[in-house]
Each structure stands twice: as C-alpha cells, then as structure tokens.
Amino acid sequence: MTEHEAFALELAHVAAAETLPLFRGDCEADNKLSNGGFDPVTAADCNAEAAIRRLIGERYPHHGVIGEEYGEDRPDAEHVWVLDPVDGTRAFIAGLPLWTTLIALRTGGQPSVGVIAQPYLDEVFIGGPSGAWLIRGEAKTPLKTRACERLTEAVISTTDPDIFNGAELGAWTQVRAASKLARLGCDAYAYAMVAAGRMDLVAETSLKPWDWSALVPVVEAAGGQVVNWRGAAPDDGGQVLAVGDARLIDQALVTLRRAAI
C-alpha cells in the first residue's frame, strides 16, 4: 500500500470517529436551501470534514483540499484531496446505512486514490496504485468487478430518478427498461458494489467533484470503468456512468448520449 493510500485510510477512520456517534442518534439536519427544496447538512457532515482537513493540514500542509462543506483551499496544487464527509445525508438522517464518506486524492488533476467508507458496516473500499480492496477490521479482500456482457443481464442503479431532467430521465428509463434489475437509493454505495462485483452499472447526473472523484479509482482499480455520458473522462458536467464490464458502456451510451451535456 502506498503512503497516500495508507493516509486515505487514516482519514476514513478520523471521519468515522465524528460520524458514527451521531448516526441514529440526536443529529439535527439543517437545510442548505433558502428558496424551497431540501438539501440537508448535519453536524456529522461538518465535523467529519473539519477533522479530515485538520489532519491533512498537519501531515501534508502543501496539499490542496476541495470539500463539500468548506470549499476550496489550493485547488491547483499537484496533490488535492477531494472530500464528501457524508455522501447520502438523506440516508444518514433516515437511519439507513447506505451513506458513505468519500475521500479522493487527485494527482496532477486526475483521481489517483479513492476511498468509499461505510463505518457503520465497518467497510472501507479503497482503490489506487496498489489495487482495489475491501478492508473490514484486519481483513483485506481484493475487489474485482464481474463480467457482464449484455445490458439485459445487468444489475443497475441510480440514487433517485428525480435527479434527472426530462431528457436525462427518458434516457435513464430506457436503460432501466433494458436491464435485468434496478435498485434505487444507494448513493455512492452502489459504486462500491460495482467494484465488489455485486452490481454492474450506475448512471447519475448533477454530481459535483466530491461526489465522483473517489469513485473512479475504486471502480477502475477493481477492473471497471467510469466515464461521462459522452464516453469521455468524468468532468464538471456531472453526468457519470460507471460499469464493471467495459462492454456495457456502448450499450448504455446508445441512450444516455442523447441527453449528454
């Protein structure tokens, strides 16, 4: 395991120390939106990101940080940590153990290390130069995506069809209709299941850099691929397609590309 991979694991444990005591406890949710709608944030989000940032600052003061809750600090640095302290805050406040902590390291602008951590289940999915692994306590299990040649055989996911606009929803609906099984509401945990060979495809939109940066090294180090809806590398457009078997990309993009930004 590389130095930065080991540090990403350390950051996941630091975050868990802040989030776990509040999960299924007395944790009020505030609304980030003042003009309608509901975009929740909790003390778990804020405390975890603050703790991660403190440790990064102590260990690597020359590294940059981009976080959902506290913004950017030296985003143009060679090494930049991209943080979503609680991805799936709605699941968190509903008591569902499908939220995760997402930690990514970008090197030269590209995600090089990624962590998808679910501390309540004692699961850390990590991907990077050393490969992809599921770590539970002292156990370390290699992650490997599974073969899935046809979309009609695929288990797929998106967090919520409400995230899609009209054209995107039409595209997703066609992909869903062609698949074997679709599951909703998993947030970033679905990408961990792609890496683990339990799901085959995830399609989402409106993702921010902290939503997708950690997913790329985990899925790709496990043998999968992550692209945007045009088939290129993920970008600020926020449309992401992750597959365990690259043969699914063209089959999904036949539809998704029509709604690509």
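Rule-based calculations on the coordinates, nothing more; no lab input. As the structure is a prediction and not an experimental result, all values here were calculated from the model. Positions of Cβ are generated from backbone atoms using ideal geometry, with glycine treated the same way; all protein chains shown enter the neighbour counts.
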If one compares the long axis through the Cα atoms of helix 166-178 with the longest principal axis of the Cα atoms of the chain, the angle in degrees, nearest 10, works out at 70 degrees
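Go through 206-215, 160-169 and give me the packing order, highest mean Cβ count within 10 Å leading. Provide the component values of the computation, followed by the final result.
Working: 206-215: 23.4, 160-169: 13.8.
Peptide ranking by packing, descending: 206-215, 160-169.
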For Lys208, counting only lysines whose alpha-carbon sits under 22 Å away and dropping same-chain residues fewer than eight positions off, the answer is Lys32
Which of Ala232, Ala182, Ala171 fluctuates most in a GNM of the chain (C-alpha springs under 10 Å)? That residue is Ala232
Expected sort for Met193, Met1, Met199 with the fewest Cβ neighbours (10 Å cutoff) up front is Met1, Met193, Met199
Contact order relative to length for segment 3-142, counting C-alpha pairs under 8 Å separated by 6 or more residues, stands in percent at 19 percent
Rounded to the nearest 10 degrees, the helix 3-19 long axis (Cα) sits at an angle to the longest Cα principal axis of the chain of 80 degrees
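Local charge sum around Ala17 (other residues, Cβ-Cβ under 15 Å, Lys/Arg +1, Asp/Glu -1)?
Numbers: positive: Arg53, Arg54; negative: Glu10, Glu18, Asp45, Glu49, Asp122.
Cβ neighbours under 15 Å give a net charge of -3.
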Longest principal axis of the chain (C-alpha) makes with the long axis of helix 43-59 (C-alpha) an angle, in degrees to the nearest 10, of 70 degrees
Of all GluC sites (Glu not before Pro) in segment 83-159, the ones in DSSP coil with at most 12 other Cβ atoms within 10 Å are Glu138, Glu149
Stokes-Einstein D for the chain (10 °C, 1.306 mPa s, Kirkwood Rh from Cα pairs), in µm²/s, comes to 87 µm²/s
For Lys140, counting only aspartates and glutamates whose alpha-carbon sits under 19 Å away and dropping same-chain residues fewer than eight positions off, the answer is Glu3, Glu5, Glu10, Asp122, Glu123, Glu220
Within the set Asp236, Asp45, Asp26, GNM on the chain using Cα springs under 10 Å gives the largest fluctuation to Asp26
Listed by chain and number, the lysines with an alpha carbon less than 20 angstrom from that of Lys180, same-chain partners under 8 positions apart left out, are none
hull vol. (C-alpha, convex hull) per residue for segment 115-249, Å³ -> 99 Å³
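What net charge do the residues around Arg247 carry, taking every other residue with its C-beta under 9 Å from that of Arg247, with Lys and Arg at +1 and Asp and Glu at -1? Walk me through the numbers on the way to the answer.
Working: positive: Arg150; negative: Glu149, Asp245, Asp250.
It works out to a net charge of -2.
Quote to one decimal, in nm, the extra length available between Asp73 and Leu169 on full extension: 0.36 nm per residue of separation minus the C-alpha distance between them. Could the numbers behind the result be given before it?
Working: separation 96, 0.36 × 96 = 34.56 nm, distance 3.50 nm.
That works out to 31.1 nm of additional length.
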With the 8 Å Cα cutoff and a minimum separation of six or more residues, the chain has a relative contact order in percent of 16 percent
